1. Would you say ILE124 is crowded, with 19+ Cβ neighbours inside 10 Å, touching a residue at least 40 places away in the same chain (Cβ under 8 Å) and of a type outside the set (Lys, Arg)?
2. Is it fair to say LEU144 is open to solvent by 40 Å² or more (accessible area, probe 1.4 Å) and in a helix (DSSP H, G or I)?
3. Among the residues of the range 207-247, write down those that are without any contact (Cβ under 8 Å) to a residue 12 or more places away in the chain, closer than 25 Å to ALA92 by Cα and not in a helix (DSSP H, G or I).
4. Select from the range 223-233 the residues that are within 17 Å of VAL250 (Cα to Cα) and surrounded by fewer than 17 Cβ atoms within 10 Å (Cβ to Cβ) and write down the one among them that is nearest to the chain's Cα centre (by Cα).
5. Just the residues that are closer than 16 Å to ASP245 by Cβ and open to solvent by less than 80 Å² (accessible area, probe 1.4 Å), please, taken from the range 280-311.
6. When you scan the range 83-92, do you find a residue that is part of a helix (DSSP H, G or I), in contact (Cβ under 8 Å) with a residue 24 or more places away in the chain, under 30 Å from GLU218 (Cα atoms) and of a type outside the set (Phe, Trp, Tyr), even just one?
7. Looking at the range 138-179, which of its residues are of a type in the set (D, E, K, R) and at pLDDT 90 or above?
8. Considering only residues of the range 103-117 that are part of a helix (DSSP H, G or I) and either open to solvent by 40 Å² or more (accessible area, probe 1.4 Å) or hydroxyl-bearing (Ser, Thr, Tyr) (or both), which is nearest to VAL21 (Cα to Cα)?
Amino acid sequence: MLEQINTLLTDNFGEFGPLLVVGVLGMFLILLTLPVLLKREKDPLDKLRQNSRELDKARAGDPKKALRQKSNNSLEKFSGFLEPTDEEEYSAIRLKLLQAGYRSKTAVRTYHFMQFALGITFLIFGAIYAILQSTSGDPSTQSLMLSVLIPGACGYMLPKYWITRRQQARQEEIINGFPDSLDLMLVCVEAGQSLDQSIIRVSTEIRSGYPALADEYEIVAHEMKAGKDKTAVLRDMSERAGVPDVSSFVTVLIQSATFGTSIAEALRVYASEMRDKRVMRAEEAANKLPTKMTLATMGLTVPPLLIILIGPSVYEISVTLGTATFF
């Protein structure tokens, strides 16, 4: 019976038909056993705490808070598998997600889950494509393996690429809007408002144009209202932004508060420097433009020009050589 199955698979899928079928079956078995292996029993103490919290919410008569308390993250029981165990690696991924704009507590867990899910999904699609390819022709083993592994690797790297692009776009938005926010903050401080009030007003005014920078200012304002140390709040802002201009601004404010100098004067000087720096960035981009256009100009202009100039001569030479060969 095994020989008949082997012969059937070889006739339908080629020489590597049994190997492909065994690989697909092994993949599905792994997918079936993963939930069982990763399932973690809930701690009884956590159940008691959850029941006590629900009882307190019911006694308080606040249905909205009770509903929010009941909402549970479905990926929590897989946190040991999805989250890195190394604290340094976890902190690095957490910081990158913060700089990309993802601030939830489960961001790291969701990020690794998306990598795992997309990797497995694309791997299955690659296996299906490899099976169809083997039925329609006789591909080599290397091409079959590449058709399975390349989609899986692309699916695994897709969330990382997305986060990197989001981080770069957010940092570029913060860089573009930071000089304008400093000018607004300087106006507010010179009008008599405190630094906390000016940050709140700036976050409200620039939200339509630069929402990422407005979110950062709003977080700073809320943390200052909560009583967190101002120096720690500003340093956290520089880490979340990941922009050198913001880090320099935070250093200026901390030094101004430490030495007791005027914040308005420091803002005036630094805002002027940021405006000059923005003009320099624009000039740098303008100076790079001719260099970037050189290759496009050569590729689109030189070939047609050569065809126009040399084409008739080449045609006449070819006709002359053909006539001479005929005679």
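The values are calculated or read from the model by the stated rules, or taken from the named source; none is laboratory data. Note that the structure is predicted; figures quoted are calculated from it, not measured. Virtual Cβ from ideal backbone geometry, glycine too; neighbours counted across all protein chains shown. All accessible areas refer to the heavy atoms of the entire protein, side chains included, with ligands and DNA or RNA removed. Shrake-Rupley method; radii C 1.70, N 1.55, O 1.52, S 1.80 Å.
1. Details: crowded, with 19+ Cβ neighbours inside 10 Å: no; touching a residue at least 40 places away in the same chain (Cβ under 8 Å): yes; of a type outside the set (Lys, Arg): yes.
The answer is no for ILE124.
2. Details: open to solvent by 40 Å² or more (accessible area, probe 1.4 Å): no; in a helix (DSSP H, G or I): yes.
No.
3. Hits for the range 207-247 are LYS228, ASP229.
4. Ranking the candidates gives ALA232 first.
5. The answer is ARG281, ALA282.
6. Taking the range 83-92 first, the residues part of a helix (DSSP H, G or I) are 87-92.
Applying the additional criterion that residues be in contact (Cβ under 8 Å) with a residue 24 or more places away in the chain yields none.
No: zero hits.
7. Residues satisfying the conditions are LYS160, ARG165, ARG166, ARG170, GLU172, GLU173.
8. PHE116
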